[in-house]
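Q: Below is a structure I'd like to ask you about.
The values are calculated or read from the model by the stated rules, or taken from the named source; none is laboratory data. The structure displayed is predicted, hence computed values, not measured ones. Here the Cβ positions follow ideal geometry from the backbone for every residue, glycine too, while neighbour counts run over all protein chains shown. Surface accessibility is based on the protein's heavy atoms, side chains included, excluding ligands, DNA and RNA. Shrake-Rupley method; radii C 1.70, N 1.55, O 1.52, S 1.80 Å.
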Amino acid sequence: MDLDLAQVRAFVAAAEEAHFGRAAGRLGVSQQALSKRVARLEGALGVRLLDRDARGVGLTEEGRRFLEPARRVLDQGDRAVAAVTCAARPLRIDVWGHLFAPMRTVAQALDGAPGLEVEPVPGRDLPSVAAALLRGESDAGFGRVHPLPEGRDAGLTHRLVRLEPVDVLLSAGHPLAGRDVLRPADLRGSVLRYPAAVDRLDFLTRFADRFGIERRAGSTNLGLEHFVEQVRAAPDCFSLVPADVPLPDRLGVRTVPLVEPTPLYAWSLLWRAEGGPGDGAAADQHPRLQPLLRAFAEEARRSRWLEYDPARDWLPDPDEAALIP
C-alpha cells in the first residue's frame with residue numbers, strides 16, 4: 001500500500017503529544033481533521049494504532065511497533081522536500097522563553113549579518129522545539145538549553161552564545177524593595193514566583209535549589225504584563241528577569257541587581273547534530289546554519305556576551321559545563 005504522509009504525520013503527532021488537541025495545534029489543523037486522518041490510516045492498515053479515552057491518547061501494541069518506522073518515513077519525506085526547497089527558503093529558527101525577551105538577542109546578532117535570511121518563529125518551550133528540530137520542521141532553535149528526560153534531546157547539539165545577568169523583580173511593597181542591590185541569600189524568606197508551571201522552568205528551579213529558596217509558586221503563562229501584575233500584587237513574592245528586559249510600563253514593581261554572586265541566564269543556539277537521529281549528513285542542514293552560528297559568535301565577541309567569572313557570577317552546572325570548549 002502507499003502511505004499518505006499527512007495521515008502518518010497526524011498519527012506521529014498524536015502519539016508524541018498523547019492528546020489530539022495538542023497534536024492538532026502542532027500541525028495547524030482542526031482536531032476533527034487530525035482524527036479523520038488517523039482513522040483513515042488505521043483503516044488502510046487494518047489495525048488500531050491509538051487508544052482514546054477521557055484521559056488522552058495511548059499507543060496500542062501495533063501503534064508502538066509502527067511509531068519508529070513512521071518517524072523514519074516522515075524524516076525521509078522531509079529530506080526529499082528539503083533537497084529541492086531548502087536553499088530557496090529562509091532558515092527557520094524557533095525561539096522560546098519569550099517572557100525573557102529572546103528576540104532582543106536574535107535581532108542584535110542578525111543586525112551584524114545583513115543579508116542573512118532568517119525566519120524567527122515563536123516556540124512553546126524547549127521540549128517542543130527539540131521535537132520540531134528532530135522532525136526537520138525547523139532548522140535551529142534559540143533559548144535556554146537544559147538536559148531533557150528520556151533522551152528527548154538525543155541527536156541535537158547546542159552552542160552557548162550569551163550569558164545575561166538577571167535582576168530581582170519585586171513588588172514595591174516587598175520588604176527588600178528599597179535596597180540598591182541584593183544577594184541571592186537575602187531572598188530565602190520570600191516566595192519565588194514562576195511565570196509558568198514550576199516543572200517547566202529549569203533555571204529558576206536550579207537557582208532556588210542552589211540558594212535555599214524553599215517556597216515556590218507556579219503560574220499560568222498569560223504573558224509578561226500579566227506576570228508582572230501578579231508580582232506587584234504579592235509583596236512576599238519575587239522573580240528573576242534579565243537586567244535589560246523591557247518591562248510593561250507599570251507602577252508598583254522594582255528591579256534590583258543581584259550580586260555575590262550575580263546569576264547569569266544562558267542563551268544557546270540549538271540544532272540537529274550531524275549523523276544524529278533523524279539526520280544524515282551536513283548536506284541535510286540548512287545552508288544558512290553555519291552563517292547564523294558565525295553571526296552569533298561574532299556578536300558575542302563584539303558585545304562580550306560570554307564573560308564569566310566564577311568568583312563573581314553563578315551559572316547552573318549544565319550551563320557552566322557548556323562554556324568548556
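Q: How much accessible area does Glu119 have with a 1.4 Å probe, in Å² rounded to the nearest 10?
A: Probe radius 1.4 Å; accessible area of Glu119 about 90 Å².
Q: Sticking with this structure for a sec: Treating only the Cβ atoms of Lys and Arg (+1) and Asp and Glu (-1) as charged, compute the dipole magnitude of segment 187-272 about its Cα centre; round to the nearest 20 debye.
A: Rounded to the nearest 20 debye, it is 140 debye.
Q: Further question on the same structure: For Asp317 and Ala6, FRET efficiency with R0 = 30 Å and r from the beta-carbon atoms, rounded to 0.05?
A: Computed FRET efficiency for Ala6 and Asp317 comes out at 0.10.
Q: With point charges of +1 on the Cβ of Lys and Arg and -1 on the Cβ of Asp and Glu, referenced to the Cα centre of the chain, which listed residue (Ser128, Leu247, Leu50) lies farthest in the positive direction of the dipole?
A: Most positive-ward Cα: Leu50.
Q: How large is ³J(HN,Hα) for each residue in segment 186-197, as worked out from phi by the Karplus curve 6.51 cos²θ - 1.76 cosθ + 1.60 (θ = phi - 60°), to whole Hz, x for Gly and Pro?
A: Here the 3J(HN,Hα) series is 5, 8, 5, x, 9, 9, 7, 8, 8, x, 8, 4 Hz.
Q: If you don't mind, there's one more thing I want to ask. Restricting the count to DSSP beta bridges whose residues both fall in the chain, what percent are antiparallel, rounded to a multiple of 5?
A: So the antiparallel bridges amount to about 65 percent of the total.
Q: May I pose another question? In Å, the Kirkwood hydrodynamic radius of segment 141-288 over pairs of distinct alpha carbons?
A: 17.0 Å
Q: Can I ask one more? With N denoting the number of residues in the chain, provide Rg(C-alpha) divided by 2.2 N^0.38 Å, to two decimal places.
A: This ratio for the chain stands at 1.11.
Q: Please list the non-local residues whose amide H lies under 5 Å from the amide H of Trp314, H modeled 1.01 Å from N, same-chain partners needing a gap of 5 or more.
A: Thr262, Leu264
Q: Right, here's the next one. Long-range amide H contacts for Leu156: which residues qualify at under 5 Å (H placed 1.01 Å from N, peptide plane, sequence gap of 5 or more or a different chain)?
A: Amide H neighbours of Leu156: Ala273.
Q: Further question: Can you give the calculated 222 nm mean residue ellipticity of the chain, where each DSSP H run of n ≥ 4 adds -39,500 (n - 2.57) and the sum is split over every residue, rounded to the nearest 500 deg cm²/dmol?
A: So the calculated ellipticity at 222 nm is -11500 deg cm²/dmol.
Q: Under the definition of Cα pairs under 8 Å and six or more residues apart, what whole-number percent is the relative contact order of the chain?
A: 20 percent
Q: Still on this structure: To one decimal place, what orientation-averaged projected area in nm² is obtained for the convex hull of the Cα set of segment 135-225?
A: 8.3 nm²
Q: Cβ neighbours within 10 Å, averaged per peptide: list 237-246, 125-134, 285-294 in order, most packed at the top.
A: So the order, starting with the most tightly packed, is 125-134, 237-246, 285-294.
Q: Given contacts defined as C-alpha pairs under 8 Å and at least six residues apart, what's the relative contact order of segment 1-128, whole-number percent?
A: 19 percent
Q: Under a Cβ-only charge scheme (Lys and Arg +1, Asp and Glu -1), can you give me the dipole magnitude of segment 80-213 about the Cα centre, in debye to the nearest 20?
A: Here segment 80-213 has a charge dipole of around 260 debye.
Q: Nothing charged except the Cβ atoms of Lys and Arg (+1) and of Asp and Glu (-1): what's the magnitude of the dipole of segment 196-325 about its Cα centre? Round to the nearest 20 debye.
A: Using Cβ point charges on Lys, Arg, Asp and Glu, segment 196-325 gives about 260 debye.
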